[in-house]
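Participant: Let me give you the structure first, and then I'll get to my questions.
The values are calculated or read from the model by the stated rules, or taken from the named source; none is laboratory data. The structure displayed is predicted, hence computed values, not measured ones. Note that we place each Cβ from the backbone using ideal geometry, even for glycine, and neighbour counts take in every protein chain shown. Only protein heavy atoms, including side chains, enter the accessible area calculation; ligands, DNA and RNA are left aside. Shrake-Rupley method; radii C 1.70, N 1.55, O 1.52, S 1.80 Å.
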Amino acid sequence: LISNYRKGKSNMITGLMFRDAVISAANNISNNRQSVDELNVFPVPDGDTGTNMSMTISNASKAMAAIADDATVADVSKAMASALLRGARGNSGVILSLIFRGFSNGMKGLENADGKDIANAFELGVNSAYKAVMKPTEGTILTVVREAAEAVKDSGETDAVEVWNKVCQAAAESLERTPELLPVLKQAGVVDAGGQGFLLILKGMQSVFADGTIIPAADAENNQSSENKEENAKAELKYIYSSSFTILKGKKPSNPARLRAYLESIGDNIKVNEEESAIKVSVDSNEPGNVIQAALKYGELTKIKVKNLRQDSDSADSEDDSEAAPTKEYGFVAVAAGDGINELFKELGVDIVVSGGQTMNPSTDDILNAIKQVPAKTVFVLPNNKNIIMAAEQTVPLSKKKVKVLQTKTIPQGISAMVAFDETLDSKTNLMNMMKGIESVGTAQVTFAARDSSMADQKIKQGQILGMENGKITVVADDMNFVAYKVTKHLSKRSTSTITILYGEDVTEQQANELKASLEAKLNNAEIMVINGGQPVYYYIISVE
């Protein structure tokens with residue numbers, strides 16, 4: 001395989017090699033994503049670093065099916081960067097896409113890349129990632145890629161494979177040092193999850209560059225061979241069928257978050273966008289029949305399309321590129337999960353709610369497609385989760401509309417921002433007022449520990465109830481309502497006038513009302529409301545104003 005890859009180009013990486021390396025990298029992190037997820041030291045259930053990075057680069061791997069054997073390294077790296085950008089999920093996925101966006105800039109105009117080109121591309125990748133992160137944290141993926149790039153900068157080495165080997169070695173050494181830079185890693189006895197994911201991607205690519213071997217996907221007996229032609233590349237797609245349809249809502253309440261969770265278990269490239277009377281869905285899978293059967297539980301289906309991706313690689317990305325013509329000045333997209341919370345946002349004026357949140361981070365493309373459907377000149381986006389903000393921000397240069405992403409990290413912040421909006425005011429004034437609204441609300445959240453962990457001097461066991469105040473874990477106990485009471489009381493002040501309790505799908509109305517009664521006995525000056533949010537993961541999300 002090596003002789004075929006590098007014949008006449010002994011110190012070069014070709015487009016064919018780079019194409020296969022992307023596939024190998026996606027397989028490598030996908031095979032190991034659970035072990036990367038387990039490195040997360042924060043015990044709250046979230047999107048998980050390994051899963052987000054795997055889903056992000058899998059989008060790029062899928063794009064490689066349309067790349068011919070004679071493509072240049074510039075063409076392949078550009079296609080990779082574009083697919084990573086659109087498929088980016090979570091902060092780790094966005095940072096990964098930024099690294100390779102910069103890397104792609106270093107490949108511009110090149111048919112093949114030598115060692116100096118690779119070293120320069122990594123330096124550009126570092127610059128791209130650091131510029132986009134407002135407050136870079138050392139001891140993370142950023143440190144790993146920076147120190148790896150520094151190891152080959154100005155080395156003068158022309159052999160591209162030798163440079164890549166040195167990058168991998170430096171990245172591994174940097175990863176081992178991350179606990180010395182982040183005390184929380186040292187306390188937990190682990191390395192940084194994002195850095196580990198990045199190293200797995202580098203090593204997946206190294207397998208092709210150095211050994212001519214694509215690391216196979218763990219769930220596939222046959223994977224793409226480096227000697228295969230474009231037709232075989234299409235034949236080895238992980239998911240063969242692209243299904244898209246619209247679910248017409250009936251009288252029964254729907255929970256698109258559960259549908260998304262099911263689709264994620266059998267497919268990829270998933271979009272679940274909820275509107276007032278319909279849910280628009282698309283997914284790539286090997287089980288189109290099961291997809292449709294599952295969707296029928298949520299309502300009548302219309303506009304059903306099923307495409308074979310092997311026969312039409314151009315349809316691999318089944319998104320509708322059309323945009324709704326503006327009929328109003330302002331529009332809104334919010335990310336949320338739970339029927340009650342979705343309805344609340346719509347009552348406040350949100351046009352489209354993208355299904356997602358904790359454990360279900362939507363991609364940049366999911367958010368962008370929602371923006372396209374809003375018939376407004378200016379679209380405000382409310383991510384409502386700190387791990388979704390960066391993905392939302394990537395839509396700004398991709399949209400033809402004016403997009404403004406608010407830094408909402410919680411559902412109460414998103415609600416408060418919407419309450420502060422006044423359609424009679426200009427965009428700048430509204431943005432200021434909405435930001436003030438975000439700052440005026442405190443958020444209490446109650447969930448469970450997804451893994452054993454330790455915070456400061458406290459040991460946390462899997463399954464214990466966690467109480468958070470504005471994102472920080474402050475209470476750990478075994479009783480759900482006790483934890484909710486404590487964190488809400490901590491956030492409340494003499495000036496607190498309103499407390500809104502959003503209870504989740506695993507909480508009964510009686511339990512929520514018992515919490516309300518406990519809080520009323522202590523905080524008799526505040527008006528306390530109880531709403532069935534229906535959200536997964538969080539037993540309670542509580543707004544304190």
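Participant: Provide Rg and Dmax in Å for segment 401-477, with only Cα atoms included in the calculation.
Facilitator: When restricted to Cα atoms, segment 401-477 yields Rg and Dmax of 17.1, 52 Å.
Participant: Same structure again: Please get the size of the charge dipole for the chain, origin at its Cα centre, with Cβ charges of +1 on Lys and Arg and -1 on Asp and Glu, quoted in debye to the nearest 20.
Facilitator: With Lys and Arg at +1 and Asp and Glu at -1, about 920 debye.
Participant: Let me check the size of segment 14-74 from its C-alpha atoms; what are the radius of gyration and Dmax in Å?
Facilitator: Expressed in Å, the Cα Rg and Dmax of segment 14-74 come to 14.3, 47.
Participant: Which of the aspartates and glutamates could a cross-linker span from K108 if the Cα-Cα distance has to be under 15 Å and same-chain partners fewer than 8 positions apart are dropped?
Facilitator: Straight-distance partners of K108: D75, D117, E123.
Participant: Would you calculate a helix-derived [θ] at 222 nm for the chain, using -39,500 (n - 2.57) for each DSSP H run of n ≥ 4 and dividing by the full residue count, to the nearest 500?
Facilitator: Roughly -14500 deg cm²/dmol at 222 nm, from the helical runs in the chain.
Participant: Could I ask something else about it? Starting from the Kirkwood Rh over alpha-carbon pairs, what translational D in µm² s⁻¹ does segment 111-159 have by Stokes-Einstein at 4 °C and 1.567 mPa s?
Facilitator: 113
Participant: I would also like to ask the following. Once amide H atoms are placed 1.01 Å from N in the peptide plane, what residues at a sequence separation of 5 or more from N40, or on another chain, have their amide H within under 5 Å of its amide H?
Facilitator: none
Participant: Now a separate question. Working only with C-alpha atoms, what are the Rg and Dmax values of segment 272-430, expressed in angstrom?
Facilitator: 16.2, 51
Participant: Still on this structure, I have one more. What number, in percent, do you get for the relative contact order of segment 426-469 if the mean sequence gap of Cα pairs under 8 Å and at least 6 apart is divided by its residue count?
Facilitator: Relative contact order for segment 426-469 comes out at 36 percent.
Participant: List every residue whose amide H lies under 5 Å from the amide H of R89, counting only residues 5 or more places away in sequence or on a different chain, with H placed 1.01 Å from N in the peptide plane.
Facilitator: Answer set, sorted by chain and number: T56, V94.
Participant: Something else about it: At q = 0.09, 0.16, 0.17, 0.22 Å⁻¹, what is the base-10 log of I(q)/I(0) for segment 349-479 according to the Debye formula with one equal point scatterer per Cα and no solvent? Please give it to two decimals.
Facilitator: Those come out to -0.33, -0.85, -0.92, -1.28, one per q.
Participant: In percent, what relative contact order does the chain have, based on Cα pairs under 8 Å that are 6 or more apart in sequence?
Facilitator: 13
Participant: Could you give the length gained by full extension between T302 and I266, i.e. 0.36 nm per residue of separation minus their alpha carbon distance, to one decimal place?
Facilitator: 10.8 nm
Participant: Got a sec to turn the phi values of segment 472-483 into Karplus ³J(HN,Hα) couplings, 6.51 cos²θ - 1.76 cosθ + 1.60 with θ = phi - 60°, whole Hz, x for Gly and Pro?
Facilitator: Running phi through 6.51 cos²θ - 1.76 cosθ + 1.60 with θ = phi - 60° gives 9, 6, 10, 9, 10, 7, 10, 10, 4, 5, 4, 5 Hz.
Participant: Using θ = phi - 60° and the Karplus relation 6.51 cos²θ - 1.76 cosθ + 1.60, list the HN-Hα couplings for segment 539-545 in order, rounded to whole Hz, with x at every Gly or Pro.
Facilitator: Per residue, the Karplus-derived 3J(HN,Hα) values read 5, 9, 10, 10, 9, 10, 10 Hz.
Participant: Which peptide among 396-407, 437-448 comes first, and what is the full order, when sorted by highest mean count of other Cβ atoms within 10 Å?
Facilitator: In decreasing order of mean packing, 396-407, 437-448 become 437-448, 396-407.
Participant: So, one more: Taking θ as phi - 60°, what are the ³J(HN,Hα) couplings along segment 60-72 by the Karplus curve (6.51, -1.76, 1.60), each to the nearest whole Hz, with x for Gly and Pro?
Facilitator: 6, 4, 5, 5, 5, 4, 8, 8, 6, 4, 9, 5, 7
Participant: Mind checking the alpha-carbon convex hull of segment 440-485 and giving the volume per residue in Å³?
Facilitator: 70
Participant: Here's a follow-up. Can you tell me what percent of all Cα-Cα pairs in segment 54-202 are more than 22 Å apart?
Facilitator: Here the tail beyond 22 Å accounts for 38 percent of pairs.
Participant: Compute the long axis of helix 193-211 from its Cα atoms, compare it with the longest principal axis of the Cα atoms of the chain, and write down the angle in degrees, 0 to 90, nearest 10.
Facilitator: Helix 193-211 sits roughly 20 degrees off the main axis of the chain.
Participant: Calculate, axis by axis, the spread of Cα positions in the chain along the three principal axes, and write the results as whole Å, longest axis first.
Facilitator: On the principal axes, the chain reaches 80, 55, 46 Å in Cα extent.
Participant: Sorted by accessible area with a 1.4 angstrom probe, largest first, how do I531, I367 fall?
Facilitator: I531, I367
Participant: Taking loop as defined by DSSP and a crowding limit of 16 other beta carbons within 10 Å, which trypsin sites (Lys or Arg not before Pro) in segment 9-49 fit?
Facilitator: K9
Participant: Listed here are the pairs K271/K436; K386/K486; K62/K166; K203/K400; K135/K377; which of them are more than 26 Å apart at the Cα?
Facilitator: K271/K436; K62/K166; K203/K400; K135/K377
Participant: Return the long-range amide H neighbours of A278 (sequence gap of 5 or more, or a different chain), with a cut-off of under 5 Å between placed amide H atoms.
Facilitator: K249
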